[in-house]
1. What's the number of the only condition in (1) at pLDDT below 95; (2) among the hydroxyl-bearing types (S, T, Y); (3) within 30 Å of R82 (Cβ to Cβ) that S200 fails to meet?
2. Tell me whether the range 173-196 contains one or more residues that are of a type in the set (A, V, I, L, M) and modelled with pLDDT of 90 or more.
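The values are calculated or read from the model by the stated rules, or taken from the named source; none is laboratory data. What you see is a predicted model; the values in this text were computed from it and never measured. Cβ placement follows ideal geometry from the backbone for every residue including glycine, while neighbour counts extend to all protein chains displayed.
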Amino acid sequence: MSWAIRKSAKIVTAIIFIVILAMPFVYIFYIVKVDRNFWDNAMGNMLATILALVAGIPVALWIDRRVKSGEEGRKYISDRKREINLLELIKEELQFSLNSLFLQGKKGNSTSMTIQPLKSDLLESLTASEEIKYIEDSNLLNRIASAYYVLKIVKRIEEQAYIALRTSAITVTLPDGTHKSGSQLLLEDARQFDGLFENSVNEALKVIDARITKLQEYAK
């Protein structure tokens, strides 16, 4: 379609639109010939409508903002309560791994295998379900992630040590002439992370406790 045709089509459309708008006025003025009282009433009603809109729209907008603000406030409180619950669960998992497993048999032990692995299932589940988003404090998230990072390293090495213990009889001769199994070497590798693991978990627990204390006002 050429430019001239498009321009003509726009002009025709505009004329049709103007004619449609003008028809009611033509009908009222030249066909029906409404008297002055009608116009006085119509103008009065129109002015009243305009004034109602001018006064009503700001009020309606203010009410809408108040409602939305209230809803956002209630949602924020609900999210913080959910955050408290999640932090309590994460705290419980870290304390179990540290106190019941690591300190009660794993720490410094490179000669015997403890079968029960460190626990990290909860955080993995929260991450997969995206519930971890409720933890608002980015520094806290970083501390938690750091603790689990070391925990998972130790857990993976110990799992490999357990597999080697059950499936391999290979013995390695070290430069000093001592003989060690693959399982024992892996356990020694895991024990190199003992200090880092204990410190990172304790630091995460400390930050979690501080955050929970801060959020208690939302739990009321």
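1. (1)
2. Keep residues of the range 173-196 that are of a type in the set (A, V, I, L, M), which gives 174, 185-187, 190, 196.
Adding the requirement that they be modelled with pLDDT of 90 or more leaves 190, 196.
Within the range 173-196 (the criterion being of a type in the set (A, V, I, L, M) and modelled with pLDDT of 90 or more), the answer is yes, since at least one residue qualifies.
Yes/no per residue for (1) surrounded by 14 or more Cβ atoms within 10 Å (Cβ to Cβ); (2) touching an Asp or Glu at 6+ places or on another chain (Cβ under 6 Å):
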residue	(1), (2)
T111	no, no
Q116	no, no
L122	yes, yes
L126	yes, no
S129	no, no
I132	yes, no
N142	no, no
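Quick grid of which residues meet (1) touching a residue at least 12 places away in the same chain (Cβ under 8 Å); (2) part of a loop (DSSP other than H, G, I, E, B); (3) within 26 Å of the chain's Cα centre (by Cα):
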site	(1), (2), (3)
Q116	yes, yes, no
E124	no, no, yes
A147	yes, no, yes
V150	yes, no, yes
N202	yes, no, yes
